[in-house]
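Participant: One structure follows; several queries about it will come next.
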Amino acid sequence: MQNALPNFRASLDKVRAIADDIDVHVQDALKDAAIQARHETTLCASTVILSGFLESFLREIAEEMIADICSRAVPFDQLPSKIRITHYWDGASHIREMAREEKSADPLVLAKAADAARRLASVDAAQLPYEIVWEAFADTQANPGPEEISSYLKRFHIPEPLPTLAIAMNTTQNTLSLSLRSFIEIRNECAHTGSAKNVPTTSDVRGYCKLLEHVGTGIVTVFQNALAAPPYTAQAPAPAPAAPSGPQPHP
């Protein structure tokens, strides 16, 4: 998992730069209502964009996590059942959705569908290597609030996703859920109305950037911890019993 988090941070820095620029020109906004309206629109748009950046990160980290799982050469039938079920069930759904696009007979879509079908069928229990359909794990189904992130992590066999993520972020599940839900509520208001009753301030936007960066860092930690445990790493053999010391009685 080399690229997803640095790419995500770079995207967040672009939004932070927008907030910094607005602060630099705050006096202009106080003098000109048109400039202030433009700043408010930009801050609303930035909030919506942040949600898109999080979705892109979740897709990219899913692809990297699945590639890492496949590289461990664990027989497919020894992977956690949730991984296998998601590969088949959501992988087939992914191909079905692509098949809808094939009505246009677009050669690129046909090629992508064929590749996904090949990967879906590559996981014979005795066959190594195989390719898991990473797209099956990547879709959040909706804007990534706490419920969607919980479902996302469950696909990777993280049994208690939000508590586990909260621990990795050094926070509580309740704080994490409330923070994500508040962010998504403002995001949706900005996206659906083009504005918000309480327009996000530059401080708010920086706070959202900090929250999402912590979420991204926490997810990487959760995945790394999962990969550091069986079945992805071999269990250490039990230590041999210590040899008895001193003279031993003759039988």
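FYI, it's all coordinate maths here, none of it is from the lab. None of these values were measured; they are calculated from a predicted model. Note: ideal-geometry Cβ built from the backbone for every residue, glycine included; neighbour counts use all protein chains shown.
Participant: Taking 8 Å as the Cα distance limit and 6 or more residues as the minimum spacing, I'd like the relative contact order of region 22-149 as a percentage.
Facilitator: On the way: 100 pairs, mean separation 40.1, N = 128.
Normalised by residue count, the contact order of region 22-149 is 31 percent.
Participant: About its Cα centre, what dipole magnitude does region 1-128 give when the only charges are +1 on Lys and Arg Cβ and -1 on Asp and Glu Cβ, stated in debye to the nearest 20?
Facilitator: 400 debye
Participant: Please report, to one decimal in angstroms, the Kirkwood hydrodynamic radius of region 1-131 built from all distinct Cα-Cα pairs.
Facilitator: 18.4 Å
Participant: Among MET169, MET65, rank each residue by its count of other Cβ atoms within 10 Å, from fewest to most, as a rough exposure measure.
Facilitator: Exposure proxy ranking, most exposed first: MET169, MET65.
Participant: Going Cα to Cα from LYS112, which lysines come in below 25 Å? Please leave out same-chain ones fewer than 8 positions away.
Facilitator: Hits, sequence-local ones excluded: LYS82, LYS103.
Participant: With a sphere of radius 10 Å drawn around the Cβ of PHE76, what net charge do the other residues whose Cβ falls strictly inside it have (Lys, Arg +1; Asp, Glu -1)?
Facilitator: Here the charged neighbours net out to -1.
Participant: Quick test of your reading: applying the under-4.7 Å Cβ rule, which cysteines of the chain are isolated?
Facilitator: When partners are defined as cysteine Cβ atoms under 4.7 Å apart, the chain leaves CYS70, CYS209 without one.
Participant: Sticking with this one: Considering only the other residues whose Cβ falls under 14 Å of the Cβ of ALA10, what net charge follows from Lys and Arg at +1 and Asp and Glu at -1?
Facilitator: 0
Participant: Quick check on the exposure proxy: order SER179, SER203, SER151 from fewest to most C-beta atoms within 10 angstrom. Write down the numbers at each step before the final one.
Facilitator: Working: SER179 20, SER203 10, SER151 15.
Arranged by neighbour count, lowest to highest, SER179, SER203, SER151 become SER203, SER151, SER179.
Participant: Report the relative contact order of the chain, percent, no decimals, based on alpha-carbon pairs under 8 angstrom and at least 6 residues apart. Don't jump to the answer; show the numbers that get you there.
Facilitator: Details: 262 pairs, mean separation 73.3, N = 251.
So the answer I get is 29 percent.
Participant: For the residues VAL133, VAL48, what sequence is obtained by ranking on other C-beta atoms within 10 Å, fewest first? Don't jump to the answer; show the numbers that get you there.
Facilitator: Numbers: VAL133 25, VAL48 17.
Fewest-to-most Cβ neighbours within 10 Å comes out as VAL48, VAL133.
Participant: Turning to a different aspect of this structure: Could you state, as a whole-number percent, how many of the C-alpha pairs of the chain are farther apart than 26 Å?
Facilitator: Details: 16423 of 31375 pairs.
Here the long-distance tail beyond 26 Å is 52 percent of all Cα pairs in the chain.
Participant: Is there a quick way to get the dipole size of the chain? I mean about its Cα centre, with the Cβ of Lys and Arg at +1 and of Asp and Glu at -1; what is the value in debye to the nearest 20?
Facilitator: 380 debye
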